[in-house]
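The next block holds one structure in the form of structure tokens; read it before the comments.
What follows is calculated from the coordinates using simple rules that are stated; it is not laboratory data. None of these values were measured; they are calculated from a predicted model. FYI the Cβ positions are ideal-geometry reconstructions off the backbone, even for glycines, and counts take in every protein chain you see.
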Amino acid sequence: MPGRRFEEFSVGQVIPHATTLRVTMEDNVAFCRLTLNTQPLHLDEAAARKAGFPGVLVNGLFTFSACVGASVEDTTAGTLVANLGYEAVEHPKPVFPGDTLRFSTEVVEKRPSSKPGRGIVTLLHRVHNQGGDEVCRFKRVVMVQAGAA
């Protein structure tokens, strides 16, 4: 099992994820279609340019979701009991089709759960583009298995 149990997380630990993602316009359009998002900034080049952008912006929830997915194998695959919440989602810079994203996770807090055999871990996820700009960050609070496997 690749995920980590409660005891395997250390506050301050930074986990770089090997997975990278080159975002395509097709990815963006498919995500918008699946999530019923018709925002012209994500789908219409002319609308994005009129708003002052060099082109279509990738849906921010795509970037957020890709980060969660890219982190799972190194953090919670097979050990997750529940995602308890997401906090402080920020998109400091836009993502455009053609950008390549890389992902990392920092453990910012952990505590035993009131439920036996479980622990609560707060993870700070970050996404950077090919130029090193941070394009998304957020905290994810998870309940994971604790104790011997």
Which loop-located GluC sites (Glu not before Pro) does the range 46-149 contain, where loop means any DSSP state but H, G, I, E or B and the Cβ has at most 15 other Cβ atoms within 10 Å? none
Given H placed 1.01 Å from N in the peptide plane, which residues other than close sequence neighbours of residue 95 have an amide H under 5 Å from its amide H? 58
Please give, to one decimal in nm, the separation of the simple spin-label points placed at residue 46 and residue 8, each 7 Å out from Cα toward the Cβ. 5.3 nm
So how far apart, in nm, are the two label points at residue 83 and residue 134 if each is 7 Å from Cα heading toward Cβ? 2.1 nm
Quickly estimate the mean residue ellipticity at 222 nm for the chain, helices only: each DSSP H run with n ≥ 4 gives -39500 (n - 2.57), and the total goes over all residues, rounded to 500. -7000 deg cm²/dmol
Expressed as an acute angle from 0 to 90° and rounded to the nearest 10, what is the orientation of the C-alpha long axis of helix 60-75 relative to the principal long axis of the chain? 30 degrees
Does anyone have the angle between helix 25-34 and the longest principal axis of the chain? Alpha-carbon axes, 0 to 90°, nearest 10? 70 degrees
Treating cross-link reach as a plain straight distance, find the lysines whose alpha-carbon is under 23 Å from the alpha-carbon of residue 110, omitting any fewer than eight places away in the same chain. 139
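Hey, got the dipole for the chain? About the Cα centre, +1 on K and R Cβ, -1 on D and E Cβ, debye to the nearest 20?
360 debye
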Listing 29, 142, 81 by rising number of other beta-carbon atoms within 10 angstrom, fewest first, gives 29, 81, 142
Multiply the residue separation of residue 26 and residue 61 by 0.36 nm, subtract the distance between their alpha-carbon atoms, and state the gained length in nm to one decimal. 11.1 nm
Inverse mean reciprocal Cα-Cα distance (Kirkwood Rh) of the chain, Å: 16.3 Å
If you bin the C-alpha pair distances of the range 66-149 every 10 Å from 0, what whole percents do you get? 17, 46, 24, 10, 2
